[in-house]
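The values are calculated or read from the model by the stated rules, or taken from the named source; none is laboratory data. Remember, predicted model here, so these are calculated numbers, not experimental data. Cβ placement follows ideal geometry from the backbone for every residue including glycine, while neighbour counts extend to all protein chains displayed.
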Amino acid sequence: MAAAPAPWWTWTWPLLGWTVLLITAFAGVGGFVTAAAEAALIATVFAAVYHAEVVAHRTGEPFGTLVLAIAVTVIEVALIVSVMVAVPDEKAGLARDTVFAAVMIVCNGIVGLCLLWGGARHREQGFQLHGASAALAVLAALTILTLILPNVATSAPGPQFSTPQLVFAGIVSLVLYGAFVFVQTVRHRDYFLLVDSDSEDAHAPPPSNMTAAVSASLLLVSLVAVVGLAKALTPTLETGVAWLGAPKSVVGIVIAALVLLPEGLAALRAARANRLQTSLNLALGSALASIGLTIPAVAVVSIVLGKPLDLGLGEKDQVLLGLTLLVNVITLGTGRTTVLQGIVHLVIFAAFLFFAVVP
């Protein structure tokens, strides 16, 4: 059976994104152009993730979820760097806020919704315990070394690393993420495969090589459009957050939510189809990529361009991060989940959102 043809929007939305991007280059951003750029940005993000999923389906698990995670992280890094370059002094903590928000959104919001939806539909779902444990071990090391350690290091004041410490943090992040990818795709690939083959949609026909190649090309086109639109919309995002009177850290939450929304929907579809392993691969993989690739990228920008970079979390966020890591270890420590675990994660996520707006 041949694979279904790609929907029309998978190529028209990237085209729309490039069209609006060219308009902003000549006419600037404001009024109708701003609204069009926002719509085009969101649409192009969805198109980019669709094409990443096509490539992922062709390459198979766990390579597929890795492709999607890296694609989303490229979008996230592009958004962070564009804002850092535009307003460096005011946004020294943007990378920290965005990475922390991504971890909370993934580990509590996306995982919680997947466990709740999957548990409500299938009562109980299973996954590979070894794969989840490996991901959580790396996630704990990455978050503590990059988001907690800056607060207690003494070479630089406050939540910042000194230049040698920042270099070390970037290298360690790459080493940990690279080691995880090696284990996931080569050494212990079976840890990240579906528990069984009886899940819904498990036997969907893969796309042809030509279809995958076209999607890979459109994925690149979409990502470049997203980078340009994000840079054009940076002043609007800043103005909107200031007008609402929300803390500056909300900018990081908006960026993380924007880039993780399509991936979250993909994870939810997998949980609904009783493929919780795929959901966890998507979710935990994106959290790891968010830290493992974003921190080195912004470290390079900070060092090369001399931009300030705050990485250490405040006390409130440290408590929420510790609670998140603890609950994830307990929740994903048995290999089986129900709706109860989903509710617990979503309550923590609600607390994160509430205290972000009302600190």
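Of Phe168, Phe182, Phe192, all but one fail to be touching a residue at least 60 places away in the same chain (Cβ under 8 Å), closer than 25 Å to Val74 by Cβ and among the aromatic types (Phe, Trp, Tyr); the exception is Phe192. Highlighted here are the helices (runs of 4 or more DSSP H) found entirely within region 162-272 that include at least 3 residues which are within 30 Å of Val357 (Cα to Cα) and β-branched (Val, Ile, Thr): 209-244, 250-272. Residues that are free of Cβ contacts under 8 Å to residues at least 40 places away in the same chain, under 19 Å from the mean Cα position of the chain (by Cα) and farther than 24 Å from Leu94 by Cβ within region 125-161 comprise just one, Ala137. Note on region 1-101: enclosed helices (runs of 4 or more DSSP H) holding 1 or more residues that are in contact with a helix residue (DSSP H, G or I) (Cβ under 7 Å, 6 or more places away or on another chain) and modelled with pLDDT of 85 or more are 9-27, 32-59. Just wondering, is there one or more residues in region 85-108 that are farther than 30 Å from Gly228 by Cβ, within 19 Å of the chain's Cα centre (by Cα) and either in contact (Cβ under 8 Å) with a residue 12 or more places away in the chain or surrounded by fewer than 23 Cβ atoms within 10 Å (Cβ to Cβ) (or both)? Within region 85-108, one or more residues are farther than 30 Å from Gly228 by Cβ, within 19 Å of the chain's Cα centre (by Cα) and either in contact (Cβ under 8 Å) with a residue 12 or more places away in the chain or surrounded by fewer than 23 Cβ atoms within 10 Å (Cβ to Cβ) (or both). If you go through region 271-298 and keep only what is in contact with an Asp or Glu (Cβ under 9 Å, 6 or more places away or on another chain) and hydroxyl-bearing (Ser, Thr, Tyr), you end up with Thr278, Ser286, Ser290, Thr294. Just one of (1) surrounded by 20 or more Cβ atoms within 10 Å (Cβ to Cβ); (2) farther than 27 Å from Ala356 by Cα fails for Leu115. It is (2). I'm checking my understanding of the structure. Among residues of region 328-349 that are of a type in the set (A, V, I, L, M, F, W, C) and within 22 Å of Ala141 (Cβ to Cβ), which one is farthest from the chain's Cα centre (by Cα)? Across region 328-349, the extreme among qualifying residues is Ile330. Annotation note: of Thr163, Thr234, the sole residue that is among the polar types (S, T, N, Q) and modelled with pLDDT under 75 is Thr234.
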